[in-house]
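The values are calculated or read from the model by the stated rules, or taken from the named source; none is laboratory data. Since this is a predicted model, take the numbers as computed values, not measurements. Using ideal geometry, Cβ is built from the backbone for each residue, glycine included, and neighbour counts are taken over all protein chains shown. The area values use the complete protein model at the heavy-atom level, side chains included, leaving out ligands, DNA and RNA. Shrake-Rupley method; radii C 1.70, N 1.55, O 1.52, S 1.80 Å.
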Amino acid sequence: MAEFNSKIRTIEWIDNYSRMVDQTKFPYEFEYVNITNGQDMFDAIKTMIVRGAPAIGIAGAHGVVLFAQELAKQNLSKNEFVKKLIEKADYMASARPTAVNLMWAVQKQKEIIKNSNDNIPTIIEKLKINGKKLENEDIEINKKIGNYGAEVVPKGATILTHCNAGALATVGYGTALGVVRSAFANDPTVQVFADETRPRQQGARITTLELTMDGIPVTLITDGMCSYFMKKGMIDMVCVGADRIAANGDAANKIGTYTVAICAKYHNIPFYIAAPLSTIDRNIKSGDEIIIEERSHDEVTHINGKPICADGVNIINPGFDVTPHELITGIITEKGILKPDYKKSIEEAFNK
Ligand code: MRU
């Protein structure tokens, strides 16, 4: 079993490379990988060595620095450097399509590149500083989300979560699991039910690991079990993360989240999304505009390299689904808990 300590940083810039925890190895091994060039960062995001919307945002920001370091070795003019780096940044932003934090963080780096009158070494220095700033802010934001969220966790609550929106999906502390951490700090009778989260099993492999290591009681259930436990009165609230939230509050998160939200509505259980404002994409009106990543069929047909179904069976593997805003009780952000009407409360949060 991997040794995980939730005080560690999931991803961190060190001198001239990015160090991250390899999340494909959980729960067996805890290993860091050093990513030293832009293409390796693109691949690390795509193959989910780093995953979770806020963490891949930081990975994208680091990836731009890595590309900048490589281009700096090519004796380009400043204009050529800027042009090529912007192309590389756009490429980095395309590594995964659903989580908007990736595009958001790369955009922050692009603004530095485009607005800079500096020479190439100074641009690179500024990109590094900005990457570090985004890292540090991520943890601060998650703690704020945690504290706001803890206010709506009932005493002794059992919180159902889906996928992993924890320390390992962010730089540290987590969003949905940040709410759990803050609630647990005030009330040690709080506990979690974690959906397994097929096909990649982030709930089983990652959420149970990080909660267990923090001493927070967690019960693993398979994805189809949530309505059973809700009917029995064993779930008091649902709290999940998000990969992209539209201007009307529709929220994309790991495939299966929509099912959980429908079940919660039917059983009158509050359903919360916990996410930073960087996950909100005000350029899109509704969830219909969110691009859903289609992932490899092997994720469905195989577990641990072994087939689990008939050879040649048809497969469809969307990585995410969209929960309509009508099913969401509140969106827990670093600016407080947003309530319906989301169009209005989202706008207000950005103007706070
Ligand atoms: O495919 P993944 O593992 O990157 O998906 C992660 C999720 O869906 C998380 O719930 C979401 O990114 C929020 S993480 C704070």
Take the Cα of E29, step 7 Å along the line toward its Cβ, and report every residue of segment 293-335 whose backbone nitrogen sits under 17 Å from that point.
304-305
Mean projection area, nm², convex hull over Cα of segment 1-119:
7.4
Between L160 and residues 5 or more places away or on another chain, which pairs have amide H atoms under 5 Å apart, with H built 1.01 Å from N, and which residues are they?
F193, D236, M237, V238, C239
Once the piece of chain linking F350 and D187 is laid out straight, how much longer is it, given 0.36 nm per residue of separation minus the C-alpha distance between them?
55.6 nm
Integer Hz, Karplus 6.51/-1.76/1.60 couplings in order for segment 296-313, x for Gly and Pro
4, 5, 4, 4, 8, 7, 10, 10, 6, x, 10, x, 10, 8, 4, 4, x, 5
According to a simple spin-label model (label point 7 Å from Cα along Cα-to-Cβ), what is the distance in nm between N37 and D90?
2.3
Placing each pseudo-label 7 Å from Cα in the direction of the beta carbon, K7 and N115 end up separated by a distance in nanometres of 3.6
Using only the alpha-carbon atoms, how far is helix 342-351 inclined from the longest principal axis of the chain? Give it as 0 to 90 degrees, nearest 10.
40
The base-10 log of I(q)/I(0) that the Debye equation returns for segment 137-202 at q = 0.19 Å⁻¹, one scatterer per C-alpha, is -0.68
Straight-line reach only, C-alpha to C-alpha below 14 angstrom: list the aspartates and glutamates that K144 could link to, leaving out same-chain residues fewer than 8 apart.
E334
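Write down the percent of antiparallel bridges among all DSSP beta bridges whose residues are both part of the chain, to the nearest 5.
Roughly 55 percent of the beta bridges in the chain run antiparallel, per DSSP.
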Can you tell me the dipole magnitude for the chain around its Cα centre, using point charges on the Cβ only (Lys, Arg +1; Asp, Glu -1), in Debye to the nearest 20?
520
Segment 17-33 to segment 203-242: how many Å between their Cα centroids?
23
What is the helix-to-structure angle for 120-150, meaning the angle in degrees between its Cα long axis and the longest Cα principal axis of the chain, kept from 0 to 90 and rounded to the nearest 10?
10
Quick one: Karplus J couplings for segment 229-241, per residue in order, coefficients 6.51, -1.76, 1.60, θ = phi - 60°, nearest Hz, x for Gly and Pro?
6, 5, 4, 6, x, 9, 10, 9, 7, 10, 9, 10, x
Please report the projected area of segment 185-235's Cα convex hull averaged over all directions, in nm².
3.7
Prolate/oblate/rounded label for the chain (Cα gyration tensor, a/c 1.5)
prolate
About its Cα centre, what dipole magnitude does segment 85-217 give when the only charges are +1 on Lys and Arg Cβ and -1 on Asp and Glu Cβ, stated in debye to the nearest 20?
220
Under-5 Å amide H pairs with I303, H placed in peptide plane, nonlocal only
I308
Residues of segment 190-209 with the amide nitrogen closer than 14 Å to a label point 7 Å from the Cα of T219, along Cα-to-Cβ, please.
190-196
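Applying 1/(1 + (r/R0)^6) with R0 = 41 Å to the Cβ-Cβ distance of D15 and E299, what FRET efficiency is obtained, to the nearest 0.05?
With R0 = 41 Å, the Cβ-Cβ based efficiency is 0.75.
Can you show me the helix-derived [θ] at 222 nm for the chain, built from DSSP H runs with n ≥ 4 at -39,500 (n - 2.57) apiece and divided by the number of residues, rounded to the nearest 500.
When only DSSP H runs of four or more count, the value is -12500 deg cm²/dmol.
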Ranking request for peptides 19-28, 153-162, 107-116: highest mean number of other beta-carbon atoms within 10 Å first, then the rest in descending order.
153-162, 19-28, 107-116
Using the scaling law 2.2 N^0.38 Å as the reference, what is the normalised Cα Rg of segment 147-350?
0.99
Taking the 0 to 90 degree range and rounding to the nearest ten, how far is the long axis of helix 176-186 tilted relative to the main principal axis of the chain, both from C-alpha atoms?
60
Probe 1.4 Å, heavy atoms of protein chains only: per residue, the accessible area of segment 147-350 in Å² is 41
Excluding ligands, DNA and RNA, the carbon-plus-sulfur percentage of the accessible area of the chain with a 1.4 Å probe reads 52
Over 32 Å between C-alpha atoms is what I'm after, so list which of K7/K285; K46/K128; K232/K335; K108/K265; K108/K306 land there.
K7/K285; K232/K335; K108/K265; K108/K306
Sorting S286, T189, I331 by the position of each Cα along the dipole of segment 147-350 (Lys, Arg +1; Asp, Glu -1; all at Cβ), the one nearest the positive end of that ordering is T189
